[in-house]
Amino acid sequence: MKVFLPFYRDDYKYLIELENNFEGTFTYGNLNDYNISYDIVNIHWPEAIFNWKEPSQDELNSLKKNLEEWQKYSKIITTRHNDYPHFRNTNNFKKLYDLVYSFSEGIIHLGDYSFLNFKSIYTNKKQIVIRHPLFKSIPNTITKTESRIILKINQNAKVILVFGAIRSQEEKKIIQESFQKLKVKNKILLAPRMSYGLSPNVPKYLRKYAFFLIKKYNRLIKKHYFENKFVKTLQIQNYVNAADVILIARKEGLNSGNVFLAYTFKKTVVGPNIGNIGEELMRAGFPVYDFNHKSSIENAIKEGLNLSLEIENKIDFDRIWESHNPKLISKQYLEFFKLILNEQTINFNNNSGL
């Protein structure tokens, strides 16, 4: 089966897991790279079509023509990762998402919340729930002890990891305030994508020295281990294996790959009770919180730290790994694609109501 994805893959690990296990070919490219030999056009993040930038009305009109042409020869299927682009719910982004869904014959949801949210809106679409895969392609070869030596973290520390980009100042503030109020001895907040906030007014010749002092103060006094850098794939295990708890700090959002990063490394994960995130965490047995109540976040982190001490006995990772195995997820993608192509009936359990 030939699948066209109208954007460039880069390092999207979700897609890497699908591609590594899919019985067919994935081809990435821009709108003009499509040809009539493709069976499926699979759109994941509509904004990726325009290189993550907001499209103009002319670009939307052009995309509509592309979708009309693709529809003549291929089946268009959209995987719903987000409601809309994070913190960019502009009029044209909404038009973009609505346009893509209107031409999609099938919609893949990553959780029941998403499916139930959409089933009454797009009643003429075939919709299905296919869970998020584990990240088996990420190396996991070092121990907790080794990872903490690499990061220069005390072996006895209670490490709360916030992985990935912080999307708003409000999220950053809540993370820091919740950590500060957390009554846990020897705690460390590890956040590789967060900055210490060095003032731009500091003269250039003093910046290196000022940053050294700020970093030293934060690590010794506040117990903040920030680096403000993108973490390469080979280095991800350094941070995840060093953690006791992975904290997903999101005020809003539909899905989070960090849930499945934690599952992959068999780590305790704590997140907000929103979208598919809360649904997934509660099903697995992990703590959730209400972002609007700081005490709720603190309590969830405490619960997560306690859970981390006996996680192998409390969490059924065998079931989690089975239901989120990339081979299974890729097989379910293939079966849904074939269903849309009218080549076979679906043969796995889901809540899609097909």
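The values are calculated or read from the model by the stated rules, or taken from the named source; none is laboratory data. These numbers were taken from a predicted model, which means no experiment stands behind them. FYI the Cβ positions are ideal-geometry reconstructions off the backbone, even for glycines, and counts take in every protein chain you see. Ligands, DNA and RNA are excluded from the accessible area calculation, which covers all protein heavy atoms including side chains. Shrake-Rupley method; radii C 1.70, N 1.55, O 1.52, S 1.80 Å.
Results, tabulated for the structure shown:
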quantity: Residue among N42, N66 that alone is assigned to a helix (DSSP H, G or I), surrounded by 16 or more Cβ atoms within 10 Å (Cβ to Cβ) and polar (S, T, N, Q); calculated: N66
quantity: Which numbered condition N124 fails, given (1) of a type outside the set (V, I, T); (2) modelled with pLDDT under 95; (3) farther than 21 Å from R193 by Cβ; (4) buried (at least 17 other Cβ atoms within 10 Å of the Cβ); calculated: (4)
quantity: Matching residues, segment 132-148, being buried (at least 19 other Cβ atoms within 10 Å of the Cβ), under 30 Å from G111 (Cβ atoms) and among the basic types (K, R); calculated: none
quantity: I301 vs. criteria modelled with pLDDT of 95 or more, open to solvent by less than 10 Å² (accessible area, probe 1.4 Å) and over 21 Å from E19 (Cα atoms); calculated: yes
quantity: Counted residues, segment 248-260 - those being open to solvent by 10 Å² or more (accessible area, probe 1.4 Å) and modelled with pLDDT of 95 or more; calculated: 5
quantity: Residue that is β-branched (V, I, T), on the phi < 0 side of the Ramachandran plot and at pLDDT 90 or above, where the choices are I236, I214, I174; calculated: I236
quantity: Total residues in segment 45-59, condition assigned to a helix (DSSP H, G or I), touching a residue at least 24 places away in the same chain (Cβ under 8 Å) and loosely packed, with under 15 Cβ neighbours inside 10 Å; calculated: 1
quantity: P85 vs. criteria over 24 Å from I274 (Cα atoms) and either assigned to a loop (DSSP other than H, G, I, E, B) or within 19 Å of the chain's Cα centre (by Cα) (or both); calculated: no
quantity: Search result, residues across segment 81-97 that are open to solvent by 10 Å² or more (accessible area, probe 1.4 Å) and either under 16 Å from L254 (Cβ atoms) or touching a residue at least 24 places away in the same chain (Cβ under 8 Å) (or both); calculated: H81, N82, D83, Y84, H86, F87, R88, N89, T90, N92, K94, K95
quantity: Hits in segment 1-11 - residues which are modelled with pLDDT of 90 or more and either part of a loop (DSSP other than H, G, I, E, B) or not aliphatic (A, V, I, L, M) (or both); calculated: M1, K2, F4, P6, F7, Y8
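Yes or no, residue by residue, for (1) out of contact with any strand residue (DSSP E or B) (no Cβ under 9 Å at 6 or more places or on another chain); (2) part of a loop (DSSP other than H, G, I, E, B):
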| position | (1), (2) |
| --- | --- |
| L134 | yes, yes |
| I138 | yes, yes |
| I142 | yes, yes |
| S147 | yes, no |
| I150 | yes, no |
| Q155 | yes, yes |
| V159 | no, no |
| I166 | no, yes |
| E170 | yes, no |
